[in-house]
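All remarks here apply to the structure that follows.
The values are calculated or read from the model by the stated rules, or taken from the named source; none is laboratory data. Since this is a predicted model, take the numbers as computed values, not measurements. Backbone-built Cβ (ideal geometry, glycine too); neighbour counts: all protein chains shown. For the accessible areas, the whole protein counts, side chains as well, though only heavy atoms, and no ligand, DNA or RNA atoms are used. Shrake-Rupley method; radii C 1.70, N 1.55, O 1.52, S 1.80 Å.
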Amino acid sequence: MHERERHRIILSAVQEKPVVTIQDISELTEASEATIRRDIAALHVQGKIRRVRGGAESIHPPQLGNLAGRPFRVSEGVNIDKKRAIARKAAELCGPGDAIIINGGTTTFQLVHYISAYRLQVMTNSFAIAEHLVKHSKNTVTVPGGAIYREQSLILSPFDNDTTRNFYARRMFVGAQGVGPLGIMEADALVIQSEQKLMRQADELVVMVDSSKFRQRSSLILCPLEQVTTIITDDSVSAETVRMIEDAGVSLIIASVTAQAEREDSPSVA
């Protein structure tokens with residue numbers, strides 16, 4: 001990852017948390033802690049952040065009331081090649097005219113590039129996904145009622161009467177903060193409440209996660225692994241993880257990142 005991209009991620013991260021640690025940024029950017037220390041020092045000198053022991057903080061503290069988890073703009077460029085490969089495989093599960101639900105997230109967002117000509121019936125709680133599909137596709141788009149959380153680009157409501165229960169889908173596509181033997185994990189209770197309402201409206205649950213998510217954990221369980229129909233991940237997934245998925249009776253689709261990279265010049269990718 002280039003220096004400019006690392007700096008963008010650091011600046012976004014400190015707007016979401018009062019203090020972000022060197023270890024957090026290192027995991028986000030997949031750069032060494034020594035490199036992140038130099039980045040923080042450079043941004044500190046430029047007056048863009050304030051360097052603190054073990055990390056950095058914003059010059060202007062973030063507002064309260066944000067959801068837990070990384071903001072959309074922070075995560076969007078992380079493992080982008082893997083996310084695109086996963087999204088291409090996910091799109092292959094869709095047929096013209098299908099009704100699907102796409103939960104908000106940076107991996108699920110990549111689906112928009114591969115379903116633009118499908119004429120699907122799409123419900124999504126992602127403002128970013130809805131906006132892109134309305135502008136650049138022939139799909140019919142439905143969104144639930146609720147407040148827009150700008151940082152995560154999500155539309156969420158704590159109420160049941162948000163139009164969700166009036167939509168039926170063959171499949172729901174979701175991302176996750178982490179995946180482990182206990183199930184699919186998320187970081188925020190309101191996000192889980194929204195996802196569980198959407199899950200009740202679909203026959204199948206398809207989880208789209210890059211291989212790094214099997215090494216990550218979060219404090220909240222969205223659903224047990226056995227409730228998932230299919231997991232789509234990239235070809236860096238470990239043999240141990242493959243066994244865990246198969247033992248749970250979940251279908252596994254592995255996307256080749258190398259094959260995806262060879263298609264990147266294709267005009268079909270927006």
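A Gaussian network model of the chain, with springs between Cα atoms under 10 Å, assigns the largest mean-square fluctuation among 257, 20, 242 to 242. Across region 243-258, the residues whose backbone nitrogen lies under 12 Å from the label position 7 Å along the beta-carbon direction of residue 204 are 251-253. Summed over the residues of region 3-58 and divided among them, the accessible surface reaches 55 Å² per residue at a probe radius of 1.4 Å.
Expected output is a single nm value to one decimal: the length gained when fully extending between residue 219 and residue 148, i.e. 0.36 nm times separation in residues minus the C-alpha distance. What is it?
Stretched out fully, the residue 219 to residue 148 stretch lengthens by 23.2 nm.
Database remark: amide H of residue 235 closer than 5 angstrom to the amide H of 255, 257 (H placed geometrically; neighbours at sequence offset of 5 or more, or on other chains; Pro and chain starts carry no H).
Summarising the label geometry, the points placed 7 Å from Cα in the beta-carbon direction at residue 134 and residue 23 lie 4.2 nm from one another. Put simply, when 209-217, 129-137 are sorted by average Cβ atoms within 10 angstrom per residue, most first, you get 209-217, 129-137.
More than 22 Å apart: what percent of Cα pairs in region 164-242 qualify? The proportion of pairs with Cα distances above 22 Å equals 21 percent. Restricting attention to region 72-255, close to 30% of DSSP beta bridges with both partner residues there are antiparallel. Length gained on full extension, residue 242 to residue 1, computed as 0.36 nm times the residue gap minus the Cα-Cα distance: 84.0 nm. Count Lys and Arg as plus one, Asp and Glu as minus one, and take only other residues whose Cβ is under 11 Å from that of residue 247; the net charge is then -2. Divide the volume of the convex hull around the Cα atoms of the chain by the residue count and you get 132 Å³ per residue. Charges were assigned to the Cβ only: +1 to each Lys and Arg, -1 to each Asp and Glu. The resulting dipole of the chain about its Cα centre is roughly 680 debye.
Taking every protein chain into account, the 1.4 Å probe leaves residue 11 with about 60 Å² of accessible area, to the nearest ten. So, in Å, what gap is there between the alpha-carbon centers of region 87-148 and region 191-261? Distance between centres, Cα-based: 18 Å.
Taking Rh as the Kirkwood radius computed over C-alpha pairs, what is the Stokes-Einstein D of region 3-58 at 25 °C in a medium of viscosity 0.890 mPa s, expressed in µm² per second? Calculated translational D: 232 µm²/s. What the phi angles of region 228-234 give under the Karplus curve with 6.51, -1.76 and 1.60, with θ = phi - 60°, is a coupling list of 7, 7, 9, 10, 10, 9, 9 Hz, glycine and proline written as x. Ranking 113, 250, 180 by Cα position along the charge dipole of region 72-255, where only Lys, Arg, Asp and Glu carry charges on their C-beta atoms, puts 113 farthest toward the positive end.
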